[in-house]
Every structure is written in structure tokens, then in C-alpha cells.
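Okay, structure first, notes after.
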Amino acid sequence: MSRLWNFSAGPAALPQPVLERAQRELLDWQGCGASVMELSHRGKLFMGLAQQAEADLRELLAIPDNYAVLFLQGGATQHFAQIPMNLADEGASADYVVTGHWGEKAASEAAPYVKVNLAGSSKDENYRRLPPRETWQLDPRAAYVHYTPNETIHGVEFHDVPDVGDVPLVADMSSDILSGPLDVSKFGLIYAGAQKNIGPSGLVVMIVRRDLLERASRPMARIFRYADHAANDSMLNTPNTWGWYLAGLTFQWLKEQGGLAVIGQRNEAKAALLYDAIDHSGGFYRNPVAVDSRSRMNVPFTLHDSALDADFLKASEAAGLLALKGHKALGGMRASLYNAVPLEAVQALVGFMKDFAKRHG
Ligand SMILES: *Cc1c(COP(=O)(O)O)cnc(C)c1O
């Protein structure tokens, strides 16, 4: 068996110790004679797992008590629509700051449920830099401000939490949650599809200030109402038990690594190594993003001659480097450097890139 260095944007690499533990426990979990996937979510064993996963996440992010933690389904995309249903009264408006593909999607999926005010955007610059905070047109009466701290496709990332005053800040952290320390108290709601930095797809982790749960005033089925999920410990219906289990193993792994300060330093070092190789390639490789807006998680880059793309991809795979093909919206390459991608993987990538440039320069 050989595992390759995996730079997939999502579903993405999981920590190898997590996969190995899941493999060991697959047939007989905790000596109960069945797999964790084959147990009732209402049983004592699974309830214990669920509580432990939440407790570990709370510890990692120092989540204050006035926030609920939810383990939901539907992908981030479903919550693009469900968030306005829950946080905005009928007729209300919400501010959207759009810095790439996912922010655009969030705004368009919200539009049937809330008046979307495009408060800031860097579309005119092809999302190559963040729109300066002083250019945002925020409405102090907005139900919330939505933004995407890390744009997975365009490779732009906020390095500070923007100050939006008293309006609740809502963040789609699908591709940067748990990538470093975070002050949760600055947010009204944080949500993330699990398949980048937490676990398998099919699970959404949400952290929401409890007072916001009471906002939902329009008629809707309980299954859409976050307050009902919170009141039922995310077990209003059958949760994604396998996803919850793997997320819990990932949280334990993060704690064993020393927590998010250590993880954050590692992610800085990984990204610095790759950007440095791109910037010092004599123009052979290029990253289009303004230096102060660059993502630590997703690094898109192009070759000076796109006719070499196919060769690059073929040779990189032969060298044990998986999933470097860029998103079709941008072309070129993209390396995703989530928590489970070790420094050795980035060293291998950078070594390959230098060698490839030498052979084709
Ligand atoms: C991947 C991604 C999504 C889409 O997630 P789904 O779970 O497929 O709905 C949304 N936002 C961001 C920032 C992403 O990286």
C-alpha cells in the first residue's frame, strides 16, 4: 500500500493516524461487537462519542458557553440558504462581502430568503485581493454580515477578523476552520463543511451564538430551524454518525499535536515554503494573488507556459503528488495545504517543482 501526498481541495486529505485508528476500530468499536456506523445514535455509546467530540472542539477553539455547537448535514451549500431563513426576518436585508466563488454562491443562494446587499466585492479585480475594509458599504440595520474568510478556489484569505460593529458576523469557514487560533466571540455564526479540514463530506459543523437561535420568525419545518437542532443536541433526526465519529478523531488528533497555536505555525511554515518557491522561480510559476491576501490553505498557481500543464500533472502524479490540477474557473494548478497535509508533502512538492522548472526552463 502506498499513500500519495494529497493536495486535494476537497474532499481532502485526512490525518493518517485518524484513518489508521478508524481502520483498527472499524469492525468492533469500543468492544461493542459492531461498527460505530451500525449503532443507534440514541444509544449510550454513541451519545458519549457525540459529547466528547463537542467537548474537544470547544476546548480547541475555546468556544464560549453562550455559543451552541451543531453537527448538521446538507453541506455548506444548504446552509447558504438556511442561514438567512434562520437569521433574517421576512423583508430584512443582509450584507454580503464577496471575495471569490463561494461568497458569490452564498449570496445567490440566500437571495430567495433575504434582501442581499453586496456590501463589498473584489470581483472587478478578479478576486486577486481583498476589498479594503474602508470600501465596504455596511448597513447598520442588516440582519447579519456574511463573508468567506478563506476562498478555496481563488486562494484569498482574510488574516484578521473584520470589524463590523454590532451586526452579527457570519463566516463560511469550510476551508479554514481549525487552521489556527480563532476568537470565536467575534462571530455570530461560523459554519463549515467538514470535508476540507475536519473529516468526510456529509457533515457540517456550526458554532452559533445562542441568542441568534431565537431569531427565526418565519414559518418553516423544524428540520430547517437551527434552534430545534440545538434543543435536540443535533439529533432532531439521524445525524451523520460516521462523519461525527471521524470529526471527533480529528479533534483528538489536533489536541495531540499541541492545539491550534501549533497547527497555525505549521500551516504558516507550509504556505511560506510553497509561496517562496513560486516567487523565486524566475517567473516559471506564478501565484496571481496580492501578497497580503494570500491563502495559507489553498495556493493556486500557473506555469509560465500553459502548454506544459498536462506534462506537469502527469509527472507530478508519477512523483507521488496527487490532485494538483487547478479549478476550472482559474486553470493551472492548485495545492491545498490543509491541516492533514504535512510539511514533508510540501517539501516534496517544492522539490518536484524546482526540478520540473529546471528540466523545462
Ligand atoms: C467546499 C466549499 C463549499 C461547498 O461545500 P459543500 O459542502 O460542497 O456544499 C462552500 N464554501 C467553501 C468556502 C468551500 O471551500
*Pick out the one residue from 78, 73, 52 that is polar (S, T, N, Q), away from the ligand (no atom under 16 Å from the Cβ) and open to solvent by 20 Å² or more (accessible area, probe 1.4 Å).*
52
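Within region 302-331, which residues are open to solvent by less than 20 Å² (accessible area, probe 1.4 Å) and under 30 Å from residue 194 (Cα atoms)?
Of everything in region 302-331, those that are open to solvent by less than 20 Å² (accessible area, probe 1.4 Å) and under 30 Å from residue 194 (Cα atoms) turn out to be 312, 316, 320, 321, 324, 326.
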*Can you list the helices (runs of 4 or more DSSP H) found entirely within region 35-110 that contain at least 2 residues being basic (Lys, Arg)?*
44-61
*asked:* Tell me yes or no: at least one residue of region 184-192 is closer than 23 Å to residue 265 by Cα and out of contact with any strand residue (DSSP E or B) (no Cβ under 7 Å at 6 or more places or on another chain).
replied: yes
_Looking only at region 1-37, filter to residues that are surrounded by fewer than 15 Cβ atoms within 10 Å (Cβ to Cβ) and closer than 19 Å to residue 349 by Cα; which one of those is farthest from the ligand (Cβ to nearest atom)?_
2
*Select from region 278-296 the residues that are part of a helix (DSSP H, G or I), more than 15 Å from residue 350 (Cβ to Cβ) and of a type outside the set (D, E, K, R) and list them in ascending order.*
291, 293
*For region 106-120, name all the residues that are touching a helix residue (DSSP H, G or I) at 6+ places or on another chain (Cβ under 6 Å) and open to solvent by 60 Å² or more (accessible area, probe 1.4 Å).*
109, 113
*Condition met for residue 140 (assigned by TED's automatic domain parsing to the domain that holds residue 37, more than 13 Å from the ligand (Cβ to nearest atom), open to solvent by 50 Å² or more (accessible area, probe 1.4 Å) and of a type outside the set (Phe, Trp, Tyr))*: yes
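The values are calculated or read from the model by the stated rules, or taken from the named source; none is laboratory data. Only a predicted model underlies this, so the values are computations on that prediction, with no experimental measurement involved. Cβ atoms come from the backbone with ideal geometry, glycine included; neighbour counts cover every protein chain shown. Just so you know, the surface numbers come from the protein's heavy atoms only, side chains and all, with ligands and any DNA or RNA stripped out. Shrake-Rupley method; radii C 1.70, N 1.55, O 1.52, S 1.80 Å.
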